[in-house]
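**Q** Quick one: the structure is below, and I'll ask about it shortly.
The values are calculated or read from the model by the stated rules, or taken from the named source; none is laboratory data. None of these values were measured; they are calculated from a predicted model. In this analysis, Cβ positions are derived from the backbone assuming ideal geometry, glycine residues included, and neighbour counts consider all displayed protein chains. SASA here: full protein model, heavy atoms, side chains in, ligands and nucleic acids out. Shrake-Rupley method; radii C 1.70, N 1.55, O 1.52, S 1.80 Å.
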Amino acid sequence: MSSRIEQLINEIDEYIEECKFKAFSNTEIIVNKDEIQDLLGELRLRIPDEVKRYQKIISNQDAIISDAQAQAQEILAQATAQTDELVNEHEIMQRAYAQANEVVEQAQAQADEIVNRAVEEADEVRRGAIQYTDEMLSSLQTIISHSMESAQGRFDSFMQSMQSSYDVVSSNRNELAGSIVSGGEEPQEPEGEEEQ
């Protein structure tokens, strides 16, 4: 079952795919600001909860190891109790010691196996959680990068339009100044014009 963050990333990808391209471009698209901000806003709200969820999964490895150690201690306690019972039987004292050592060794081996398996399972859970979180953040990074590129394109287009308007105004003022000179007056520098 996918998380809400995965759904949001898919929705953003689908939304971007459905956007129309800008005129004379096959890379820049036109987006609805409100719609993309709504999707990104919900994504920002969801990320902390999702990260906490996977941090909790990672922290469960301590509980797994603790449970395994408790089981190991219980096995060792049972082995010790069996050893005490065997030792108390005087008629089979020597055999009791041998059996007791064997039981303790088996119990120790079983306890070590449980702990090792628990550590491996905890590490696997941790790696999975980290990988998923990294993939989620990578998708978010791509979306933000696309948004930044789109914003830069709009800014560049705006600056080109402003420069064009500025050039037209400067040209008109220069023509006006030329008309004044041809009328017999001294040419004057247009007020407020900065050197380019």
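**Q** Pairs please, first residue from segment 129-142 and among the hydroxyl-bearing types (Ser, Thr, Tyr), second anywhere and open to solvent by less than 40 Å² (accessible area, probe 1.4 Å) and at pLDDT below 80, Cβ atoms under 8 Å, 6+ apart in sequence or on different chains.
**A** From segment 129-142, the pairs are Tyr132/Tyr54; Thr133/Glu50; Thr133/Tyr54.
**Q** From the list Leu76, Leu43, which one is assigned to a helix (DSSP H, G or I) and touching a Leu at 6+ places or on another chain (Cβ under 6 Å)?
**A** Leu43
**Q** Regarding segment 53-63, can at least one residue be identified that is open to solvent by 70 Å² or more (accessible area, probe 1.4 Å) and at pLDDT 85 or above?
**A** Within segment 53-63, none of the residues are open to solvent by 70 Å² or more (accessible area, probe 1.4 Å) and at pLDDT 85 or above.
**Q** All but one of (1) modelled with pLDDT under 90; (2) surrounded by 14 or more Cβ atoms within 10 Å (Cβ to Cβ) hold for Ile75; state the number of the condition that does not hold.
**A** Ile75 satisfies all of (1) modelled with pLDDT under 90; (2) surrounded by 14 or more Cβ atoms within 10 Å (Cβ to Cβ) except (1).
**Q** Just one of Glu135, Glu149, Glu120, Glu91 is assigned to a helix (DSSP H, G or I), open to solvent by 90 Å² or more (accessible area, probe 1.4 Å), at pLDDT 75 or above and more than 30 Å from Ile16 (Cα to Cα); which is it?
**A** The unique qualifying residue is Glu120.
**Q** Does Gln110 satisfy the condition of being polar (S, T, N, Q), part of a helix (DSSP H, G or I) and surrounded by 11 or more Cβ atoms within 10 Å (Cβ to Cβ)?
**A** The answer is yes for Gln110.
**Q** Sticking with this structure for a sec: Run down Glu35, Glu50, Glu28 and say which single residue is touching a residue at least 40 places away in the same chain (Cβ under 8 Å), out of contact with any Leu (no Cβ under 8 Å at 6 or more places or on another chain) and open to solvent by 50 Å² or more (accessible area, probe 1.4 Å).
**A** The unique qualifying residue is Glu28.
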